[in-house]
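Student: Below: one structure in structure tokens.
What follows draws every value from the coordinates through simple rules; no lab data is involved. As the structure is a prediction and not an experimental result, all values here were calculated from the model. Positions of Cβ are backbone-derived with ideal geometry, glycine not excepted, and every protein chain shown enters the neighbour counts.
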Amino acid sequence: MILFCSAAVYECLRVIFENLSTDGMQAFTHNIAAHLRCAMTHLSDDVKLDSVKFMNLLVTSFPHTIVQDFYKLLYNFLDLISTKSGSKRQLKVSLHLIIL
């Protein structure tokens, strides 16, 4: 998983994704989603934050492609941003702070 050390790296990925066709991305979707799920459950909070930013970039760039693995990603995302007590979830963070 890539750590977005700077805005320049994030911008570079955004430009690459803009120029990549949906068909070109299709072959990599499952592998990227697997790495993204690993990053979402990583011990480092910085890696977890980067995974949310990367997921935002993927959903923005390839909404129809990433939806194939979204049900798996959604559970990890919910665990990342909330705590579960019994059958209820409580939000841990404000979403506008993590999705830039």
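Student: How many nm is it between the label spots at LYS88 and HIS42, if each spot is 7 Å from the Cα in line with the beta carbon?
Tutor: Rounded to a tenth, the inter-label distance reads 3.3 nm.
Student: Indicate the gyration tensor shape class of the stretch 7-98 (rounded, prolate or oblate), computed on the Cα atoms with a ≥ b ≥ c the square roots of the eigenvalues: a/c under 1.5 is rounded; otherwise a/b larger than b/c is prolate and the rest oblate.
Tutor: Because a/c hits 1.5 or more and a/b exceeds b/c, the stretch 7-98 counts as prolate.
Student: Report the charge-dipole magnitude of the stretch 7-98 in Debye, nearest 20, computed about the Cα centre from +1 at each Lys and Arg Cβ and -1 at each Asp and Glu Cβ.
Tutor: Details: 9 positive and 8 negative charges, 101 e Å.
Using Cβ point charges on Lys, Arg, Asp and Glu, the stretch 7-98 gives about 480 debye.
Student: With r defined as the distance between the Cβ atoms of TYR75 and PHE17 and R0 fixed at 22 Å, what FRET efficiency is calculated, to the nearest 0.05?
Tutor: In this case the efficiency is close to 0.40.
Student: I've got another one for you. I'd like to compare 25-35, 42-52, 78-88: which one has the highest average count of other Cβ atoms within 10 Å, and what's the full order after that?
Tutor: Values: 25-35: 14.0, 42-52: 15.8, 78-88: 11.5.
In descending order of packing, they fall as 42-52, 25-35, 78-88.
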